[in-house]
Amino acid sequence: MAEADPALGEDAEATPMTGSAAAAVLLMLFDEDEAAQILSRLEPEEVRELGYAMYDVVDVEVDEVNHALDKFVNKAKGRTTIGYGAANHIRGAMHKALGPERADNMLARITPPQKSPKLAMLKWMEPKEIAGAIEAEHPQIMAIVLAHLDHIAAASVLQMLPGEVQDEVVYRVATLGPVSADALDDLEQLLSSAGTGRKSTGTATQRGGTVEAAAIMNNIRKDHEQRIMKALTKRDKGVSQSIEDEMFVFDNLMGLTEKDLGTLMRSVDNDQLIVALKGANEGLRAKILGSMSARAAQSISDEMEERGPMRLTEVLESQKVIIASARRMAMEGTIQLGGKGDDYV
């Protein structure tokens, strides 16, 4: 038996419960309406996990219930309510300070982008179900749906769509502009025929862009990625390049093995590396220097200190040069840029 949680007292004998089991115990102690209110605020994966856990704790012992309650109380003591209703609070304060019109203009610029609540049903649908609902629709419809999914789910749906439209769908995600509320209403109605959804209100929503498209592409199989990117380059080289730039950035070098990173560094000009490392996070900088000989690493470090502050544009340009070298070497088979599972580019 595992040791008792010190925070719960020296005489505690029951094994401390895991997060999902403890949460399941608490839900089982609530009445149905109270439990329903909590479950309605969770993500699908959280509901599934809690559902399994609730069945597992039906024979829970009294000591384990006490542990779960103590754990909840201890965590609750360290939380604040500052995040609850934050959007309404910020909006109200802005309106009072600036007036409605100026406040709304300001909020439009600073409010983080959010997915439309009209398509909230998507997160409760399986990728195969979503793909089946939209496979006969226009690629623009497909793009809107993918842009409102998380990146992993979007990648799964994309791979299930007809191969001849996949590159066009990615292109439309990358170039997607604001989507009107009316269009979302029509799309919601379409999806409702494939799954159960709730009607909700909203205005035009902004999703998509090259960052979104790149995130989707980063989660599909490499053979699909290569075929789609080749077709995208023929369609629009600028959009293709923008997506590619977002798919592999300097920080991704952290995923290279020490051997491959060392091989890459030997092909990189020292002046380029010194400038590029100025904008690298501490972990990546340490890994890159660690892939080099002690003498070479010390020389690079000394040069970085001597050069002092540098313009961000210079740093980013040097990083792009190194990324381009990494891509070229990967295409030649000299190094491997790790992909999903056993796939490589």
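Remarks
- Residue selected from segment 1-26 under the condition closer than 26 Å to Glu126 by Cα and at pLDDT 75 or above, by the criterion surrounded by the most Cβ atoms within 10 Å (Cβ to Cβ): Ala24
- Residue check for Lys234: at pLDDT 90 or above and among the basic types (Lys, Arg): yes
- Set Ala108, Ala131, Ala97: member being surrounded by 14 or more Cβ atoms within 10 Å (Cβ to Cβ) and either at pLDDT 80 or above or in a helix (DSSP H, G or I) (or both): Ala131
- Counted residues, segment 218-249 - those being surrounded by fewer than 18 Cβ atoms within 10 Å (Cβ to Cβ), over 21 Å from Ser325 (Cα atoms) and of a type in the set (S, T, N, Q): 0
- Selection count where residues are among the aliphatic types (A, V, I, L, M), closer than 13 Å to Ala280 by Cα and either modelled with pLDDT of 85 or more or touching a strand residue (DSSP E or B) at 6+ places or on another chain (Cβ under 7 Å) (or both), scope segment 297-322: 3
- Tally, over segment 267-308, of residues that are in a helix (DSSP H, G or I) and closer than 16 Å to Ala324 by Cβ: 6
- Number of residues in segment 34-64 that are closer than 21 Å to Lys123 by Cβ and of a type in the set (A, V, I, L, M, F, W, C) equals 9.
- Taking first residues from segment 179-190 that are within 18 Å of Gly208 (Cβ to Cβ) and partners that are surrounded by 15 or more Cβ atoms within 10 Å (Cβ to Cβ) and of a type in the set (Lys, Arg), the Cβ contacts under 9 Å between residues at least 6 apart in sequence or on separate chains come to Val179/Arg207; Ala181/Lys118; Leu184/Lys118; Leu187/Lys118; Glu188/Lys118.
- Candidates Gly262, Gly333, filtered to the one that is within 22 Å of Glu244 (Cβ to Cβ) and out of contact with any Asp or Glu (no Cβ under 8 Å at 6 or more places or on another chain): Gly333
- Segment 209-247, residues that are outside any helix (DSSP H, G or I) and within 20 Å of Asp150 (Cα to Cα): Gly209, Asn218, Asn219, Ile220, Arg221
- Test: residue in segment 225-236 that is of a type in the set (Asp, Glu) and without any contact (Cβ under 8 Å) to a residue 24 or more places away in the chain: no
- Among the residues of segment 166-180, those that are outside any loop (DSSP other than H, G, I, E, B) and buried (at least 16 other Cβ atoms within 10 Å of the Cβ) comprise Gln166, Asp167, Glu168, Val169, Val170, Tyr171, Arg172, Val173, Ala174, Val179.
- Conditions (1) loosely packed, with under 13 Cβ neighbours inside 10 Å; (2) more than 19 Å from Asp223 (Cα to Cα); number of the one not met by Ser318: (1)
- In the set Thr263, Thr334, Thr313, only one residue is assigned to a helix (DSSP H, G or I), among the β-branched types (Val, Ile, Thr) and surrounded by fewer than 15 Cβ atoms within 10 Å (Cβ to Cβ); that residue is Thr313.
The values are calculated or read from the model by the stated rules, or taken from the named source; none is laboratory data. All figures in this text were calculated on a predicted structure; none of them were measured in a lab. So basically every Cβ, Gly included, is an ideal-geometry build from the backbone, and we count neighbours across all protein chains shown.
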